1. What is the percent of Cα-Cα separations in region 100-183 that go past 17 Å?
2. On full extension of the chain, what length is gained from residue 9 through residue 173, given 0.36 nm per residue of separation minus the C-alpha to C-alpha distance?
3. What are the radius of gyration and Dmax of the chain, computed over its Cα atoms and given in Å?
4. Pulled fully out, how much extra length does the chain show between residue 129 and residue 30, if you take 0.36 nm times their separation in residues and subtract their Cα-Cα distance?
5. Calculate the dipole size of region 1-81 relative to its Cα centre from +1 charges on Lys and Arg beta carbons and -1 charges on Asp and Glu beta carbons; express the result in debye to the nearest 20.
6. Based only on other Cβ atoms within 10 Å, what is the fewest-to-most ordering of 113, 13, 120?
7. Distance from a point 7 Å along Cα→Cβ of residue 96 to each backbone N in region 108-148: keep the residues under 15 Å and list them by number.
8. Provide the convex hull volume over Cα atoms per residue for region 17-105, in Å³.
Amino acid sequence: MINDKKELKNYICLDNGFFKKDKFLVKYMKRIHEPQSYINKYLFYLRKQEYYMNTAGKNKIKAVLGLLYERKKHNLGIKIGFNIPPNSFQEGLTIFHTGCIAVNTDARIGKNCRLHGNNCIGNNAKINKSPTIGNNVDIGFGAVVIGDITIADNIKIGANAVVNKSFTEPGITIAGVPAKRVK
């Protein structure tokens, strides 16, 4: 959770860091309307919204700024297909592609998560509880993580996998429908 300006700066710096190494390239991507520039902007709005929501208290200006960034994030999210609630991802979130990414408000995802696009992280319609995902988890294109489950640190989830049970052994690779350990 972002609770001060130093943390906000850290989160913004670490999010999509893979794509921010070359300043010339970042400016070029904005100029030609490269989808990655929209992803960077979405993550910026998300982190600003989190900061103002978490620090507003009774400060009406911060509350209004939180709503403003929520609205900007929402409008851009409709354009690129993202629905990510505040305070669900820790720092270091990397998103590689635009397209449908839906995250439940109860989901908790650790540091340095990598989403390759077309992902769903949410409940399974039987129970209203969502996944808890560890640090350094790589979620492949089209992968779905649903239910009241736990995913350990350093796990790779294969493309189009449907993860509906917990995997608590760190550093493994899972894939398939339903997902099982493959490596």
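1. On the way: 1226 of 3486 pairs.
When every Cα pair of region 100-183 is considered, 35 percent fall beyond 17 Å.
2. On the way: separation 164, 0.36 × 164 = 59.04 nm, distance 3.23 nm.
Contour length minus Cα-Cα distance gives 55.8 nm.
3. 16.5, 52
4. Working: separation 99, 0.36 × 99 = 35.64 nm, distance 3.79 nm.
The residue 129-residue 30 span can extend by a further 31.9 nm.
5. On the way: 19 positive and 7 negative charges, 65 e Å.
Dipole magnitude for region 1-81 comes out near 320 debye.
6. On the way: 113 23, 13 13, 120 18.
Exposure proxy ranking, most exposed first: 13, 120, 113.
7. 113-120, 137-144
8. Details: hull volume 9.0 nm³, N = 89.
Here the figure is 101 Å³ per residue.
Every read-out reported here was derived from the displayed coordinates using simple, explicitly stated rules and does not represent laboratory data. Here the structure is a predicted model, which means the values were calculated and not measured. Note that we place each Cβ from the backbone using ideal geometry, even for glycine, and neighbour counts take in every protein chain shown.
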